[in-house]
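Chemist: Below are the structure tokens for one structure; questions will follow.
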Amino acid sequence: MVPFSLCPSSSYPPSSSFKLYHKSRFTVTTLSSLCGRKRRSGSSCRLVVLSTHSNPKILKSNRRSRYGQPLSPYDQDDDEEVSRPSDVSDDDWLLNDDFAEISKFDVNRKRSKSHKGFANGHSDGRNSKHTLEKSNAANYYNSSNQTNGVSSLDVPRKGKLSTRKAMEDRFPRLSEEVELDEKWLPLIDYLSTFGLKESHFIQMYERHMPSLQINACSAKERLEYLLSVGVKQRDVRRMLLRQPQILEYTVENNLKSHVAFLMSLGIPSSRVGQIIAATPSLFSYSVENSLKPTVRYLVEEVGIKEKDLGKVVQLSPQILVQRIDISWNTRLIFLSEEIGAPRDSIVKMVKKHPQFLHYSIDDGLLPRINFLRSIGMCNADILKVLTSLTQVLSLSLEENLKPKYKYLVNELHNEVHSLTKYPMYLSLSLDQRIRPRHRFLLSLKKAPKGPFPLSSLVPTDECFCQQWAGTSLDKYLDFRQRLLLKEFAKKYERKG
């Protein structure tokens with residue numbers, strides 16, 4: 001592990017201030033002035049506000065592509081399943097099928113739109129001058145032609161027309177949307193090996209046009225480096241759609257320094273690739289001027305211990321690229337006033353589930369707290385549940401919390417106070433864990449009288465069969481499978 005030094009710095013203000021420390025710069029330009037874009041006949045001139053800020057955003061965007069399809073600031077994989085979030089370890093118990101699914105809801109901060117046609121810089125130093133290679137595809141090919149003693153002027157006009165026709169035949173949709181340059185073809189051919197299609201190149205163009213001007217050799221060098229540190233081949237496409245600027249970041253001046261920074265936090269090398277895939281915008285932030293001050297703030301102001309930094313970042317890599325000072329202070333004040341949570345308890349919540357710092361207070365935290373109140377919990381009980389199982393704040397009200405509470409009361413004959421002793425019940429899957437075990441013990445006539453013991457829902461399937469059911473694991477799994485099919489058939493009939 002590379003030691004991480006927390007040297008005093010004045011670059012990050014104390015927590016008591018709510019002042020915005022870094023101001024985003026905006027450029028206003030007409031859409032028609034963007035380099036290379038064909039103008040549609042009869043279209044009016046539109047103003048586009050372009051931001052140099054690339055903070056991640058969990059809010060679902062309302063932006064749409066030219067084809068009327070939603071254009072997400074993160075990933076809109078249209079023909080493959082979205083891969084599992086990389087910010088959770090493989091052995092995280094929440095990934096087990098027996099556990100509840102985490103819902104998605106908005107945060108209360110919006111990310112500015114990415115630059116179109118310009119390098120993505122940050123006025124606060126997040127994008128250092130030497131991290132972007134100012135490469136030009138035209139220079140690359142011109143130098144190559146000069147070496148061979150052939151200039152573009154020597155190419156017969158008929159040959160150029162033939163090449164243009166071949167390009168339009170290969171990429172009809174891309175040629176229609178973009179003034180396609182034949183010098184981009186080597187890069188497009190290379191990126192196609194990662195599963196990118198015409199629609200994806202159009203998204204990259206709209207998000208950051210210069211990324212398509214990088215020569216293929218440089219792009220290959222950078223992507224191969226990322227693959228060597230653990231990024232999966234299947235994640236490259238999603239990364240490029242979210243952060244096409246990554247093709248411009250040089251290995252020596254940017255990529256290596258950011259990887260070294262992650263490892264200095266105590267993150268194992270086996271997890272570095274997953275963190276990069278989850279937050280590719282990380283590379284647009286300066287290590288010295290942005291990432292290290294954020295880590296210093298987590299330690300000095302929030303109260304995260306240095307030894308826990310690696311775990312926190314693995315659980316939520318986005319914490320490195322969000323305005324942590326605002327996120328922390330607003331949620332600290334909210335939880336303190338709403339349920340009387342002491343600071344130490346909120347710090348524990350951050351350590352266990354740092355993702356809650358991204359959740360909207362109005363649409364995420366408050367509705368779940370109000371639900372716990374509505375079922376009879378006092379503030380002290382709510383605090384105990386949230387401190388023990390902060391993941392409750394991520395669960396869907398309609399699909400998880402409400403159905404499980406009804407089953408707890410109506411079927412298991414338990415009272416709400418049992419949740420303070422076994423808050424883990426709220427995180428378990430009703431279909432995969434709670435209902436099958438309850439019904440299985442009833443079928444064996446081994447369910448105790450009175451309230452059903454929630455402790456029987458906690459152990460693994462093997463332990464449950466040995467300690468509670470006294471049967472083989474295969475017999476229980478067969479029962480669960482038949483029950484799932486029966487419940488699925490009931491849902492299908494109701495929908496029909």
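The values are calculated or read from the model by the stated rules, or taken from the named source; none is laboratory data. Small disclaimer: the values here were computed from a predicted structure and weren't measured. A quick note on method: Cβ atoms are made from the backbone with ideal geometry, for glycine too, and the neighbour counts reach across all protein chains shown. Ligands, DNA and RNA are excluded from the accessible area calculation, which covers all protein heavy atoms including side chains. Shrake-Rupley method; radii C 1.70, N 1.55, O 1.52, S 1.80 Å.
Chemist: Going by what's in this entry, would L357 be described as farther than 22 Å from L395 by Cα, aliphatic (A, V, I, L, M) and crowded, with 20+ Cβ neighbours inside 10 Å? Outline the logic, then answer.
Modeler: Details: farther than 22 Å from L395 by Cα: no; aliphatic (A, V, I, L, M): yes; crowded, with 20+ Cβ neighbours inside 10 Å: yes.
Here the answer is no, as L357 does not meet what is asked.
Chemist: Now, a different point. Taking the conditions exactly as written (touching a residue at least 40 places away in the same chain (Cβ under 8 Å) and either outside the structural domain of L395 (by the TED database) or assigned to a helix (DSSP H, G or I) (or both)), does D431 satisfy them or not?
Modeler: On the way: touching a residue at least 40 places away in the same chain (Cβ under 8 Å): yes; either outside the structural domain of L395 (by the TED database) or assigned to a helix (DSSP H, G or I) (or both): yes.
Here the answer is yes, as D431 does meet what is asked.
Chemist: In segment 408-426, which residues are under 26 Å from T471 (Cα atoms) and in contact with a helix residue (DSSP H, G or I) (Cβ under 6 Å, 6 or more places away or on another chain)?
Modeler: Of segment 408-426, the ones under 26 Å from T471 (Cα atoms) are 408, 411-414, 422, 424-425.
Selection gives N414, Y422, Y425.
Chemist: State all residues of segment 197-239 that are closer than 16 Å to L282 by Cα and touching a Ser or Thr at 6+ places or on another chain (Cβ under 8 Å); if no residue qualifies, say none.
Modeler: Matches in segment 197-239: R222, V229, G230, D235, R238.
Chemist: Could we say that K449 is over 37 Å from the mean Cα position of the chain (by Cα), without any contact (Cβ under 8 Å) to a residue 12 or more places away in the chain and either farther than 30 Å from Q355 by Cα or in the same structural domain as I382 (by the TED database) (or both) here?
Modeler: Values: over 37 Å from the mean Cα position of the chain (by Cα): yes; without any contact (Cβ under 8 Å) to a residue 12 or more places away in the chain: yes; either farther than 30 Å from Q355 by Cα or in the same structural domain as I382 (by the TED database) (or both): yes.
When the stated conditions are applied, K449 passes them.
Chemist: Tell me which of these A447 doesn't satisfy, since it passes every other one: (1) under 21 Å from L332 (Cα atoms); (2) modelled with pLDDT under 95.
Modeler: Of the numbered conditions (1) under 21 Å from L332 (Cα atoms); (2) modelled with pLDDT under 95, the odd one out for A447 is (1).
Chemist: Taking Q466 as meeting all but one of (1) assigned to a helix (DSSP H, G or I); (2) open to solvent by less than 60 Å² (accessible area, probe 1.4 Å), write down the number of the exception.
Modeler: Here Q466 clears every test but (2).
Chemist: Mind listing whichever residues of segment 260-283 are more than 16 Å from the chain's Cα centre (by Cα) and open to solvent by less than 40 Å² (accessible area, probe 1.4 Å)? Show your work before the answer.
Modeler: Applying the first criterion (more than 16 Å from the chain's Cα centre (by Cα)) to segment 260-283 yields 260-270.
Matches in segment 260-283: F261, L262, S264, L265, G266, I267.
Chemist: From the list R439, R433, exactly one residue is open to solvent by 60 Å² or more (accessible area, probe 1.4 Å) and farther than 25 Å from I361 by Cα. Which is it? Don't jump to the end; show me each part of the working.
Modeler: Numbers: R433 fails: open to solvent by 60 Å² or more (accessible area, probe 1.4 Å).
Residue meeting the stated conditions: R439.
Chemist: Follow-up. Being among the aromatic types (F, W, Y) and either outside the structural domain of S211 (by the TED database) or within 18 Å of the chain's Cα centre (by Cα) (or both) is the filter here, so list the residues in segment 233-259 that pass it.
Modeler: Let us first name the residues in segment 233-259 that are among the aromatic types (F, W, Y), namely 249.
Residues satisfying the conditions do not exist here.
Chemist: So for segment 470-483 (the condition being modelled with pLDDT of 95 or more and crowded, with 19+ Cβ neighbours inside 10 Å), does at least one residue qualify?
Modeler: Yes, the conditions are met somewhere in segment 470-483.
Chemist: If L298 passes every condition in (1) in the same structural domain as H258 (by the TED database); (2) surrounded by 17 or more Cβ atoms within 10 Å (Cβ to Cβ); (3) closer than 21 Å to Q274 by Cα but one, which one does it miss?
Modeler: L298 satisfies every listed condition except (3).
Chemist: Considering only residues that are surrounded by fewer than 17 Cβ atoms within 10 Å (Cβ to Cβ) and closer than 20 Å to K183 by Cα, which ones fall in segment 221-259?
Modeler: E221
Chemist: Looking at segment 448-463, which of its residues are hydrophobic (A, V, I, L, M, F, W, C) and open to solvent by less than 20 Å² (accessible area, probe 1.4 Å)? Give the steps one after another, and end with the answer.
Modeler: Step one: filter segment 448-463 for residues hydrophobic (A, V, I, L, M, F, W, C), giving 452, 454, 457-458, 463.
Result: F452, L454, L457.
Chemist: Also: When you look at I382, is it aliphatic (A, V, I, L, M) and in contact with a Lys or Arg (Cβ under 9 Å, 6 or more places away or on another chain), yes or no?
Modeler: Details: aliphatic (A, V, I, L, M): yes; in contact with a Lys or Arg (Cβ under 9 Å, 6 or more places away or on another chain): yes.
The answer is yes for I382.
Chemist: Separate question: When you go through (1) of a type outside the set (A, V, I, L, M); (2) touching a residue at least 24 places away in the same chain (Cβ under 8 Å); (3) within 30 Å of V299 (Cα to Cα) one by one for P403, which number turns out not to apply?
Modeler: (3)
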